[in-house]
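> Can you keep this structure in mind? I'll have questions shortly.
The values are calculated or read from the model by the stated rules, or taken from the named source; none is laboratory data. Quick caveat: nothing in here was measured; it's all calculated off a predicted structure. Please note: Cβ atoms are built from the backbone with ideal geometry, for glycine as well, and neighbour counts cover all protein chains shown.
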Amino acid sequence: MNKNGEIADIFDNIADALEFKGENVFKINAYRKAARVLREFPGDISKVKPAEIEGIGKGLAEKIEEYLATGSIKKHAEALSDIPEGLLDLLKIPSLGPKTLYYVYKELGVKGLSELEKVIEDGSLAQLDGMGEKKAENIRRGIELYKEGKSRIPIGLALPVVSEITSALKKVTKKASPAGSLRRMKETVGDIDILAADDNAEKIIEKFVTHPLVRSVNARGNTKASVIVDFHNLQVDVRVVDEDSWGAALVYFTGSKAHNVKIRSLAKDKNLKINEYGVFRGEKRIAGKTEEEVYKTLGMKWMPPELREDRGEIEASLKGNLPQLVELKDLKGDFHIHSNYSDGTNDIRTIVLAARDLGYEYVGICDHSKTSRIANGLDVNMLKKRNAEIDEVQEGIPGIRILKGTEVDILSDGNLDYPDIVLEQLDFVIAAVHQGFRKNVTHRMKQAMDNPLVDVLAHPTGRLLSGREGYEINLEEVMEHAAKRNVALEINATYDRLDLNDVNIMTAKSFGTVFIIGTDAHNIRMLRDTELGIGMARRGWLVRKDILNAYTWDNIPLRRRRNR
DNA sequence: GCCGTTTTCGGCCCGACTGTTTTCAGTCG
């Protein structure tokens with residue numbers, strides 16, 4: 001893979017060091033911004049001129065080039081030289097910021113976690129000027145959370161919880177909505193933001209902090225409260241504004257931070273001020289009730305939350321060029337569903353009925369091939385038997401077309417797990433790597449795509465959000481080859497995969513590939529994970545025509561049809 | 001450290017809550 005992420009990490013690390021030393025905050029922000037831009041850059045940074053990217057100027061471009069040439073950055077070593085190793089990791093502790101960390105380092109000689117715990121235990125931290133018992137206690141609780149590994153969780157896990165809390169709030173107020181990265185459909189979420197609008201903030205805060213899922217209350221003010229819920233130690237914040245501020249607050253709390261910074265700065269150019277209460281000219285509020293109104297004061301159209309990452313959406317909106325993003329209702333079918341013939345839990349009939357209930361025009365049954373023993377992969381005879389059952393079920397169920405498919409293994413030698421004569425009998429073929437993650441994967445995938453019977457490449461990176469790194473692969477080479485061979489890349493919608501993700505999608509689209517959204521469902525409940533796949537697609541700026549299963553069956557430009 | 005048709009110097013988004021303070025700094029988002 002490219003070095004974008006490695007350099008981004010170094011820039012963040014330098015930012016931490018500068019922050020610790022109390023350097024100019026704008027310089028620190030410049031490093032942070034560059035780190036973000038690098039992480040989200042849809043391409044290989046070594047193949048472009050970094051200084052031409054917004055947010056990266058002459059100085060940082062030189063550092064990027066230094067890293068690409070030498071594998072390190074002098075400024076990095078320099079920034080860290082007088083800081084004990086590992087000390088900056090403590091910045092991840094909630095309620096412990098750079099000022100306090102520096103303070104305890106200078107005054108008490110704290111150089112690591114154990115020493116920090118010691119000065120809290122023996123009371124010496126609390127005795128410092130400006131500190132006190134409560135601050136010490138907050139940091140102690142922060143350390144607990146830090147140790148529990150409070151980290152971002154996949155959005156698919158957070159959504160049901162958030163929706164339950166939001167529903168509860170809606171019982172006492174008309175307007176309540178998730179905001180933050182969850183509303184933007186980011187693949188993982190950290191803290192959860194929920195916004196509500198009402199004249200009586202107190203009753204909403206009360207409803208919130210007494211919700212059965214709440215384990216502890218971190219903060220509770222007049223318009224804002226913060227709790228930890230009994231689910232992955234998730235922190236949930238609720239903020240209440242009055243109804244006239246609903247739109248402005250929704251924009252503000254949806255973010256992203258980078259998006260907000262840019263629109264506020266645009267507002268400033270127009271002598272306006274934007275905050276969570278509205279858009280102001282002097283003292284006078286000129287907008288704020290709806291999001292549309294807020295954007296309009298800046299000469300922009302409303303934009304979908306999934307785009308709000310400062311990746312060009314503001315410029316596009318100003319020019320009136322926002323894409324018409326694909327929507328959930330555009331999907332006409334799902335290709336990637338496992339039945340109980342392999343490792344799915346439901347039988348074909350149940351799956352087909354569920355798909356028809358979702359309003360699908362077609363549904364693809366897609367079981368594992370024989371080498372995936374652990375997933376009960378089908379040998380050729382079982383595949384025949386399954387296909388016969390599909391025909392039988394089809395006769396009894398009108399109104400939806402059942403497609404015969406397979407998720408065929410790309411074997412370690414690059415061959416497919418079924419011979420062509422078997423693949424030819426199917427309506428579509430999805431090829432996937434399930435073994436040999438470090439073994440020549442780029443070449444094997446390309447070889448698989450050279451077979452004209454392969455329509456789709458499944459979960460192209462192989463990563464899992466729960467921690468698995470994924471294939472050792474040159475992703476861009478694979479994407480380019482997919483575009484050349486007319487093979488669709490999957491946006492796998494399983495909550496732990498989301499593979500491709502938003503940044504990958506943008507890169508792939510730049511090569512000209514098409515996509516399918518596949519749930520990889522192993523039970524009918526998972527059919528609804530299309531919501532997550534659509535979220536990724538929208539974050540990747542995809543429109544309806546980019547996604548094959550947004551076409552009707554008669555018009556779908558599946559590879560085998562285009563090749564005919 | 002970045003950026004620019006009001007600027008190549010002097011700006012850089014804005015506010016709530018907490019805990020420690022007699023008016024504010026730190027953290028967070």
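> I'm trying to understand the selection: among the residues of the range A:141-165, which are of a type outside the set (A, V, I, L, M, F, W, C) and crowded, with 17+ Cβ neighbours inside 10 Å? Lay out the reasoning, then the answer.
Keep residues of the range A:141-165 that are of a type outside the set (A, V, I, L, M, F, W, C), which gives A:141-142, A:144, A:146-152, A:154, A:156, A:160, A:163-164.
If the condition is that a residue be of a type outside the set (A, V, I, L, M, F, W, C) and crowded, with 17+ Cβ neighbours inside 10 Å, then A:142, A:146, A:150, A:154, A:156 are the ones that fit.
> With more than 14 Å from DNA strand B (Cβ to nearest atom) and either exposed (fewer than 15 other Cβ atoms within 10 Å of the Cβ) or within 23 Å of residue A:503 (Cβ to Cβ) (or both) as the only criterion, which of A:21, A:47 stands out?
Going through A:21, A:47 in turn, the sole match is A:47.
> Here's a follow-up. Only one residue in A:52, A:65 is more than 10 Å from DNA strand B (Cβ to nearest atom) and not basic (Lys, Arg). Which one? Don't jump to the end; show me each part of the working.
Working: A:52 fails: more than 10 Å from DNA strand B (Cβ to nearest atom).
After applying the criteria, what remains is A:65.
> Here are some conditions: (1) in contact with a helix residue (DSSP H, G or I) (Cβ under 6 Å, 6 or more places away or on another chain); (2) part of a helix (DSSP H, G or I); (3) under 26 Å from residue A:561 (Cβ atoms). Residue A:489 meets all but one. Which one does it not meet?
Result: residue A:489 passes all but (2).
> Please state which of the following conditions residue A:235 fails to meet, knowing it meets all the rest: (1) within 10 Å of DNA strand B (Cβ to nearest atom); (2) in contact (Cβ under 8 Å) with a residue 40 or more places away in the chain; (3) buried (at least 20 other Cβ atoms within 10 Å of the Cβ).
(3)
> Then there's this: Across the range A:201-221, which residue is nearest to the chain's Cα centre (by Cα) among those that are away from DNA strand B (no atom under 14 Å from the Cβ) and of a type outside the set (Val, Ile, Thr)?
My answer is A:213.
> Looking only at the range A:503-526, how many residues end up being over 24 Å from residue A:559 (Cβ atoms) and in contact (Cβ under 8 Å) with a residue 12 or more places away in the chain?
Total meeting the criteria: 5.
> Taking the condition of being more than 16 Å from DNA strand B (Cβ to nearest atom) and crowded, with 18+ Cβ neighbours inside 10 Å, how many residues in the range A:174-184 meet it? Give the derivation first.
Going through the range A:174-184, the residues more than 16 Å from DNA strand B (Cβ to nearest atom) turn out to be A:174-176.
Imposing the further condition that a residue be crowded, with 18+ Cβ neighbours inside 10 Å reduces the set to A:176.
Total meeting the criteria: 1.
> Considering only residues of the range A:256-279 that are under 26 Å from the mean Cα position of the chain (by Cα) and more than 7 Å from DNA strand B (Cβ to nearest atom), which is farthest from residue A:168 (Cα to Cα)?
Result: A:262.
> Another question, then. Scan the range A:66-90 and report the pairs whose first residue is free of Cβ contacts under 8 Å to residues at least 12 places away in the same chain and whose second residue is outside any helix (DSSP H, G or I) and within 13 Å of DNA strand B (Cβ to nearest atom), with Cβ atoms within less than 9 Å and a gap of 6+ or a chain change.
Pairs that qualify, where the first residue is free of Cβ contacts under 8 Å to residues at least 12 places away in the same chain and the partner is outside any helix (DSSP H, G or I) and within 13 Å of DNA strand B (Cβ to nearest atom), are A:66/A:73; A:82/A:21.
> Under the condition of being part of a loop (DSSP other than H, G, I, E, B) and within 11 Å of DNA strand B (Cβ to nearest atom), which residue from the range A:83-94 is surrounded by the fewest Cβ atoms within 10 Å (Cβ to Cβ)? It would help to see each step written out before you state the result.
In the first step, residues of the range A:83-94 are kept if they are part of a loop (DSSP other than H, G, I, E, B); the result is A:83-86, A:93-94.
Those still in the list that are within 11 Å of DNA strand B (Cβ to nearest atom) too: A:93-94.
Details: A:93: 22, A:94: 17.
Checking each candidate, the answer is A:94.
> Sticking with this one: In the list A:450, A:413, A:391, which residue meets the criterion of being surrounded by fewer than 20 Cβ atoms within 10 Å (Cβ to Cβ), farther than 27 Å from residue A:358 by Cα and at pLDDT 95 or above?
After applying the criteria, what remains is A:450.
> When the range A:213-223 is examined, which residues are found to be in a strand (DSSP E or B) and either free of Cβ contacts under 8 Å to residues at least 12 places away in the same chain or surrounded by 15 or more Cβ atoms within 10 Å (Cβ to Cβ) (or both)?
If the condition is that a residue be in a strand (DSSP E or B) and either free of Cβ contacts under 8 Å to residues at least 12 places away in the same chain or surrounded by 15 or more Cβ atoms within 10 Å (Cβ to Cβ) (or both), then A:214, A:217, A:218, A:219 are the ones that fit.
> Pairs under 7 Å by beta carbon, first residue within 13 Å of residue A:238 (Cα to Cα) in the range A:163-174, partner at pLDDT 95 or above and in a loop (DSSP other than H, G, I, E, B), six or more apart or different chains?
none
> Can you say whether residue A:152 is modelled with pLDDT under 90 and near DNA strand B (Cβ under 10 Å from one of its atoms), as far as the supplied structure shows?
Taking the combined requirement at face value, the residue does not satisfy it.
> Being closer than 22 Å to residue A:320 by Cβ, in contact (Cβ under 8 Å) with a residue 40 or more places away in the chain, in a helix (DSSP H, G or I) and not basic (Lys, Arg) is the requirement here; does residue A:293 meet it?
The answer is yes for residue A:293.
> How many residues are under 29 Å from residue A:309 (Cβ atoms), in contact with an Asp or Glu (Cβ under 8 Å, 6 or more places away or on another chain) and assigned to a loop (DSSP other than H, G, I, E, B) if we restrict to the range A:187-212?
The qualifying residues number 2.
> Answer yes if at least one residue in the range A:366-373 is β-branched (Val, Ile, Thr) and touching a helix residue (DSSP H, G or I) at 6+ places or on another chain (Cβ under 6 Å), and no otherwise.
no
> Is it the case that residue A:79 is within 10 Å of DNA strand B (Cβ to nearest atom) and over 23 Å from residue A:262 (Cα atoms)?
For residue A:79, the condition - within 10 Å of DNA strand B (Cβ to nearest atom) and over 23 Å from residue A:262 (Cα atoms) - is met.
> From (1) touching a strand residue (DSSP E or B) at 6+ places or on another chain (Cβ under 6 Å); (2) more than 8 Å from DNA strand B (Cβ to nearest atom), pick out the condition that doesn't hold for residue A:224.
Just one mismatch for residue A:224, condition (2).
> Something else now. Please work out which residue is nearest to residue A:227 (Cα to Cα), limiting yourself to the range A:58-82 and to residues that are surrounded by fewer than 17 Cβ atoms within 10 Å (Cβ to Cβ) and either among the aliphatic types (A, V, I, L, M) or in contact with a strand residue (DSSP E or B) (Cβ under 9 Å, 6 or more places away or on another chain) (or both).
Of the range A:58-82, the ones surrounded by fewer than 17 Cβ atoms within 10 Å (Cβ to Cβ) are A:58-59, A:62, A:65-66, A:68-72, A:74, A:77-78, A:81-82.
So of that shortlist, the ones also either among the aliphatic types (A, V, I, L, M) or in contact with a strand residue (DSSP E or B) (Cβ under 9 Å, 6 or more places away or on another chain) (or both) come out as A:68-69, A:77.
On the way: A:68: 44, A:69: 47, A:77: 39 Å.
Once the filter is applied, the top-ranked residue is A:77.
For every residue, the table says whether it meets (1) out of contact with any Phe, Trp or Tyr (no Cβ under 8 Å at 6 or more places or on another chain); (2) surrounded by fewer than 22 Cβ atoms within 10 Å (Cβ to Cβ); (3) farther than 20 Å from residue A:361 by Cα.
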residue: A:490; (1), (2), (3): no, no, no
residue: A:498; (1), (2), (3): yes, no, yes
residue: A:502; (1), (2), (3): yes, no, yes
residue: A:506; (1), (2), (3): no, yes, yes
residue: A:520; (1), (2), (3): yes, no, no
residue: A:540; (1), (2), (3): yes, no, yes
residue: A:552; (1), (2), (3): yes, yes, no
